[in-house]
Amino acid sequence: MKRTVKWLSSLSFIVFSLPLQANTEKQKMLNIFSSIPHSKSSVVFSRAYDGQMIFSYNPGLALIPASVTKLVTSAALLGKFGAGRTFETRFYYTGKFSRGVITGDLIVVGDGDPYLVSEKLWQFAADMHHLGVRRIKGRIVIDQSLFLGSERDRSRDPNKRDSEHAYDAPITAFGVNFNTIALAVTPFASQSRPNSKPRVSVDPYPITGVTIVNKARVAARKRNNIKVRRVMKSKKELELIVDGAVSNHGSTPLEKVYRSLGFHTTLAGEYLRSFLKAQDISVEGKVMSGQKSKAAKLLYTLPSYPLSKMVRGLNKYSNNYIADVLTKRLGAEFPTKGSPNTIGSGSYLNGRLAIRDYLVKTIGLKPTFVLRNGSGLSTENRFNAQSISRLLRVTSQEMSVFPEFLSSLPASGIDGTLKKRFTKAKFRDLIATVRAKTGTLTEPVSVSSLAGYIRHPRHGLVSFAIIQNGVKRKKQPSIEVLRDSQEEALLYFLNHFNS
């Protein structure tokens with residue numbers, strides 16, 4: 001009898017200690033998020049294979065997700081276009097092409113390729129040389145008509161519509177190098193003397209209409225402190241004023257500084273001219289906007305990189321330009337009901353509606369979220385952690401999407417926007433074990449988000465979403481504090497929650 005009582009007592013301890021332990025784990029996780037003053041959090045951790053919610057905190061609270069929005073956009077892009085999809089920039093000419101001379105114009109028709117970078121333009125120019133082109137007597141005409149309306153996303157901060165920041169470049173059907181211009185700054189030689197001028201040049205070639213004003217100085221310091229200001233001189237001319245200090249013995253002898261293009265169509269055409277010139281092909285006319293005429297003849301087609309590479313650049317480095325260009329490209333491909341699938345249907349509205357359709361019909365989200373743009377720069381976007389976690393879980397079950405989707409996400413402590421995260425010694429167990437997208441905004445409230453996947457020793461692949469916002473009209477929590485709480489939560493989750 002005594003043995004029976006003792007056995008029952010032990011069993012009772014085991015039965016009741018399990019939920020007690022689980023409750024303790026959850027309470028400790030709750031404390032991580034609830035202890036941050038003047039902040040709101042929506043958090044969900046759920047198993048990928050069956051959707052079982054392991055931990056949640058305000059799962060249905062809609063908050064500003066910032067660039068975690070790119071998870072939504074990239075999943076829809078891969079789901080609707082397919083990972084191997086490419087876009088084709090087409091080059092036409094008017095007049096005659098004989099003995100190396102095109103007597104008319106070179107017409108460029110943009111197809112919404114957001115990854116039209118210098119390597120692609122070099123290939124185009126080299127192929128023009130192979131085709132025998134040596135002289136174009138007419139103009140460079142840029143046809144942007146695939147995309148409708150403004151080149152600026154009006155859902156962004158109105159004060160940033162003409163921003164010079166590279167992350168806020170104008171959105172066009174034909175854009176070069178993410179509609180940015182790069183300046184290469186170097187002390188030129190290791191023996192450069194303090195107070196001498198550094199070498200500053202446009203990368204990769206000089207561009208007509210761009211003037212550099214070099215006010216910088218070489219200094220005996222370890223790090224560069226370079227400032228570049230863009231000044232619009234006219235509708236076709238801009239100055240890049242370079243100031244600050246350039247190290248003459250630092251570990252980075254060459255630094256590149258990026259600014260958004262002011263005259264995106266004109267300067268994109270001038271980019272073309274500079275690459276053609278490097279191949280000894282002259283263009284005599286000016287650059288202008290226009291549309292391809294029916295009489296124009298196809299000269300060359302330049303295919304883009306596959307969509308999988310674009311999505312990798314989009315998520316690894318949180319590239320707003322790629323996200324917003326491809327949002328418009330979705331609109332052109334999948335216009336809303338009643339909108340013609342023709343020139344000009346590539347609008348932000350059509351693109352957002354195409355993403356919304358994917359989220360509701362394929363992912364199974366309730367249409368309570370708010371999507372104002374595809375990059376996450378808009379402070380009007382609203383998602384809760386439960387929706388983002390479901391997106392991640394459903395996507396993990398789809399082989400036509402998941403491999404490229406997962407590989408596009410930054411790896412903790414390794415690359416992309418997570419390269420400098422999880423660097424404290426106590427977080428070493430998280431290095432390379434998390435694949436996730438970050439999100440950060442500082443106005444009008446602090447926003448820090450992290451969402452993706454972590455592999456748990458008991459639960460296997462787990463999708464998680466952590467969205468954190470400051471409270472309006474209160475002292476804002478620092479981004480560093482919010483990020484620390486995310487890393488603390490992931491570490492605690494990895495080492496616990498085994499019941």
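Each value in this text was obtained by applying a stated rule to the coordinates, not by laboratory testing. These numbers were taken from a predicted model, which means no experiment stands behind them. Ideal geometry is used to build each Cβ from the backbone, glycine not excepted, and the neighbour counts take in all protein chains shown.
This model, with +1 at the C-beta of Lys and Arg and -1 at the C-beta of Asp and Glu, gives the stretch 88-305 a dipole about its Cα centre of some 680 debye. For the stretch 170-188 versus the stretch 16-91, the spacing of their alpha-carbon centroids is 34 Å. Under Stokes-Einstein, with the Kirkwood radius over Cα pairs as Rh, the value for the chain at 10 °C and 1.306 mPa s is 63 µm²/s. For Gly413, what is the net charge nearby, where nearby means another residue's Cβ is under 12 Å from its Cβ and Lys, Arg count +1, Asp, Glu -1? Here the charged neighbours net out to +3. Dividing the radius of gyration of the alpha carbons in the stretch 370-499 by their Kirkwood radius gives 0.96 for Rg/Rh. Given in Å, the Rg to one decimal and the Dmax to the nearest whole number for the Cα atoms of the stretch 288-436 are 18.6, 67. Spatial offset of the stretch 415-465 relative to the stretch 263-325 amounts to 35 Å, using the alpha carbon center of each. When only the Cβ of Lys, Arg, Asp and Glu is charged (+1, +1, -1, -1), the dipole of the chain relative to its Cα centre reaches about 740 debye. The Asn23 and Thr86 beta-carbon pair, evaluated with R₀ = 41 Å, returns a calculated FRET efficiency of approximately 0.20. Given their separation in residues at 0.36 nm each and the Cα-Cα distance between them, Leu254 and Asp127 gain 42.7 nm when the chain is fully extended. Note down the net charge around Glu25, summing +1 for each Lys or Arg and -1 for each Asp or Glu among other residues with Cβ under 14 Å from its Cβ. Net local charge, Glu25 excluded: +2. Modelled label positions at Lys215 and Arg455, each set 7 Å beyond Cα in the direction of Cβ, lie 5.4 nm from each other. Close amide H contacts of His456 (hydrogens built in the peptide plane, cut-off under 5 Å, sequence separation of 5 or more or a different chain): Leu461, Val462. Approximating the spin labels as points 7 Å out from Cα along Cα→Cβ, the Tyr317-to-Ser196 distance works out to 3.1 nm.
Remark: C-alpha extents of the stretch 88-305 on the principal axes read 60, 44, 33 Å, sorted largest to smallest.
Scaling the Cα radius of gyration of the stretch 27-150 by the globular reference 2.2 N^0.38 Å produces a ratio of 1.87. Translational diffusion of the stretch 422-478, estimated by Stokes-Einstein from the Kirkwood radius over alpha carbon pairs at 20 °C in a medium of 1.002 mPa s, is 163 µm² per second.
Model label sites at Ala432 and Lys472, defined 7 Å from Cα along the beta-carbon direction, differ in position by 4.5 nm. 3J(HN,Hα) couplings calculated from phi for the stretch 236-244 with the Karplus curve 6.51 cos²θ - 1.76 cosθ + 1.60 (θ = phi - 60°) are, in sequence order, 10, 9, 9, 10, 10, 8, 9, 9, x Hz; Gly and Pro show x.
In terms of its C-alpha gyration tensor, the stretch 34-77 has an oblate overall shape, because the principal axis ratio a/c (a ≥ b ≥ c, square roots of the eigenvalues) is not below 1.5 and a/b does not outweigh b/c. Free of any chymotrypsin sites (Phe, Trp or Tyr not before Pro) that DSSP assigns to a loop and that have at most 16 other C-beta atoms within 10 Å, the longest stretch within the chain is 50-316. Taking a sphere under 12 Å around the Cβ of Lys70 and counting the other residues whose Cβ falls inside, with K and R at +1 and D and E at -1, yields a net charge of +2.
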